[in-house]
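The values are calculated or read from the model by the stated rules, or taken from the named source; none is laboratory data. Just so we're clear, the structure is a prediction, and the values are computed from it rather than from any experiment. Because the Cβ atoms are built from the backbone with ideal geometry, glycine has one as well, and the counts that use them run over all protein chains shown. Calculation scope for accessible area: heavy atoms of the full protein, side chains included, ligands and nucleic acids excluded. Shrake-Rupley method; radii C 1.70, N 1.55, O 1.52, S 1.80 Å.
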Amino acid sequence: MTHENATLMNTQSTSRSTKAIIQMNRLTKVFATESVETHALRGVDLTIYDQDYISISGPSGCGKSTLLSLLGLLDSPTSGQYLIGESDVSHLSVNERAEIRNQHIGFVFQAFNLIDELSVLENVALPLRYREPALSNADIKQAALDSLALVDMSHRCDHKPNQLSGGQQQRVAIARGLVGKPTVLLVDEPTGNLDSKNGDAVMAMLAQLNKDGMTICMVTHDPRYADMATRKLHLLDGVIADEYQFTTPLAAAVQEAK
Ligand code: ADP
Ligand code: MG
């Protein structure tokens, strides 16, 4: 073993958190219409540890979006078990799912999904207005400002989304995802609508957020960005076919800096 490999393995064993925050056991999802059944997920086993940065890649149709929507409690599995912390959230009503989602999940989408009529600050504040009605206006505003500061967008809080570049809009969307202090940030193709310069900046921001302690699970088809995660999953035909850890010097460096 070379010295470099030894350092890498050492980093892995000392800095990797062992606190499991999410567990999926033999999770399946079947979409049934009158004529066809699509087995989108065929038995996913996945444990997400505190402060993980996971990337999920795989060919179109392999189940990436389905997996992310189950993780985000936007949908229920057909069979199998899904735990967040100690709670079994496999089979909840729509309302129960929404409650747990508000508590634990932040989302970032490819298309930003910001509301053009609202200011940047109000866009970021919006999730709190729904989930924390007891919070005062001042507290909500402060939380939104704190979240915008994390993505270096405080100076644009009075702008409207359409006055910002795509990269800036995605940073605002990340701030909105973070504002409720989620257990995990779920990110779906965050650079899909960005040029490479803005894409790189958004990816650097996600790496920094992970370094500061945020647990991230990201779908991406871009191998360069998938390599920035510290755990890289490859999904094929509805199952996790491969997992790599700290495969690149960049991922190792991000991990080592923690
Ligand atoms: P990916 O995101 O990897 O491209 P998806 O998770 O979107 O893949 O889809 C996995 C499979 O499930 C595909 O065959 C897709 O057509 C099917 N599928 C996804 N959502 C639905 C749905 N709501 N109804 C029926 N089939 C679906
Ligand atoms: Mg998809």
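Annotations
- When the Gaussian network model of the chain links Cα atoms closer than 10 Å, the mean-square fluctuations of E189, E34, E117 top out at E34.
- Approximating the spin labels as points 7 Å out from Cα along Cα→Cβ, the S90-to-D195 distance works out to 4.9 nm.
- Between region 125-188 and region 33-73, the C-alpha centres lie 27 angstrom from each other.
- Anchor K64: lysines whose Cα lies under 22 Å away (excluding residues fewer than 8 positions away in-chain): K29, K232
- Between Q208 and T78, the simple spin-label model (points 7 angstrom out along Cα→Cβ) gives 4.3 nm.
- All alpha carbon pair distances within region 91-217 were sorted into 5 Å bins beginning at 0; the resulting P(r) in whole percents reads 2, 12, 22, 24, 21, 12, 5, 2, 0.
- For R42, R97, the ranking by accessible surface with the largest value first comes to R42, R97, using a 1.4 Å probe.
- The chain: translational diffusion in µm²/s, Stokes-Einstein, Kirkwood Rh over Cα pairs, 4 °C, 1.567 mPa s: 68
- In region 41-185, Cα pairs under 8 Å separated by at least six residues give a relative contact order of 26 percent.
- Cα Rg over Rh - region 55-123, Kirkwood: 1.03
- Rounded to the nearest 10 square angstrom, H221 shows an accessible area of 130 square angstrom against a 1.4 Å probe.
- As a fraction of the 1.4 Å probe accessible area of the chain, surface on carbon and sulfur atoms comes out at 49 percent.
- q = 0.14, 0.29 Å⁻¹, region 140-189: log10 I(q)/I(0) [Debye, one scatterer per Cα]: -0.33, -1.18
- Modelled label positions at T47 and V239, each set 7 Å beyond Cα in the direction of Cβ, lie 2.0 nm from each other.
- Working note: Karplus 6.51/-1.76/1.60 with θ = phi - 60° gives region 73-79 the couplings 6, 7, 8, 9, x, 6, 8 Hz, where Gly and Pro are set to x.
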